[in-house]
Amino acid sequence: MNTARPYVICHMAPSIDGKIVATNWASIKSISAEYERTAVTLDGDAWIIGRISMEPYAGKSKVPRRKGKERIPRKDFIADADAQSYAIVIDPAGKLTWRSNAIDDEHVITVLSERVSDDYLAFLQSRSVSYVFGGSASIDLRRVLAKLRTKFGIRRLLLEGGGKINGSFLSAGLIDELSILISPVADGGIATPTLFDARVGKGFARKLRLISVTRLKSDLVWLRYGM
């Protein structure tokens, strides 16, 4: 195991044709129940998704304008380094307006670029939402993972993002294991997110090593692969 960063498990429940937007799937309740149950068995210290996926959890608040004019240093802000679990979001431009610093008792960490405003940083600090910087304009995932390991002690991270976030981790070679619940659905959608949306055209074609196959309730099949 790489001790410089967390062990990353991509845990997802796509359709048989790799689609991940499940809003019109008839069996979504049973799929979600098995997804959550199997996630617990993976012993993650934290989970990470993208901004759009996190929006329903964040809620909406107003970011007030600061009274002071002094620039806030672009240094990581650690509000809680001893939480039992963490909910992490990649939000480079700082668009999520948090009502709380926790989701079901899981402390929130947001990953930012240095281009975010001082008003937004002051807002996060006032909410006691931890943040780390992933780069000046774009996000360096390897750098972010190293910070999550050293600053928060995160050892096992569940990657549960959309296709672009998952694809970014895939292209960077930062996924150690796949935990895939194949849903008994043939979606057939065109131009909708898939398990990995890394780039247009030819993909990366990472070779996998089968760890286990398990049949679950509701005709789901749980595949685990090493990478």
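The values are calculated or read from the model by the stated rules, or taken from the named source; none is laboratory data. The model shown is predicted, which means the values in this text are computed figures rather than measured ones. Positions of Cβ are generated from backbone atoms using ideal geometry, with glycine treated the same way; all protein chains shown enter the neighbour counts. Remember, those area values only see protein heavy atoms, side chains included, never the ligands or the DNA or RNA. Shrake-Rupley method; radii C 1.70, N 1.55, O 1.52, S 1.80 Å.
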Got a number for residues in segment 34-71 being modelled with pLDDT of 95 or more and over 14 Å from the mean Cα position of the chain (by Cα)?
9
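Which of the residues belonging to segment 32-51 are of a type in the set (A, V, I, L, M), in contact with a helix residue (DSSP H, G or I) (Cβ under 9 Å, 6 or more places away or on another chain) and part of a helix (DSSP H, G or I)?
A33
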Pair list, Cβ under 7 Å, 6 or more apart: segment 204-226 residue without any contact (Cβ under 8 Å) to a residue 12 or more places away in the chain, other residue of a type in the set (A, V, I, L, M):
V213/V221; V213/L223; R215/V221
Determine, yes or no, whether V185 is loosely packed, with under 12 Cβ neighbours inside 10 Å and either aliphatic (A, V, I, L, M) or in contact (Cβ under 8 Å) with a residue 60 or more places away in the chain (or both).
no
Within the bounds of segment 109-119, is there any residue that is open to solvent by 10 Å² or more (accessible area, probe 1.4 Å), in contact (Cβ under 8 Å) with a residue 12 or more places away in the chain, under 20 Å from S53 (Cβ atoms) and among the basic types (K, R)?
no
Could you please tell me which pairs satisfy a Cβ distance under 8 Å, a separation of 6+ or placement on different chains, a first residue in segment 189-203 that is in contact (Cβ under 8 Å) with a residue 12 or more places away in the chain and hydroxyl-bearing (S, T, Y), and a second residue that is surrounded by fewer than 19 Cβ atoms within 10 Å (Cβ to Cβ) and not in a strand (DSSP E or B)?
T192/V21; T194/G18
Given (1) open to solvent by 70 Å² or more (accessible area, probe 1.4 Å); (2) at pLDDT below 95; (3) closer than 30 Å to D82 by Cα, G161 misses just (1)
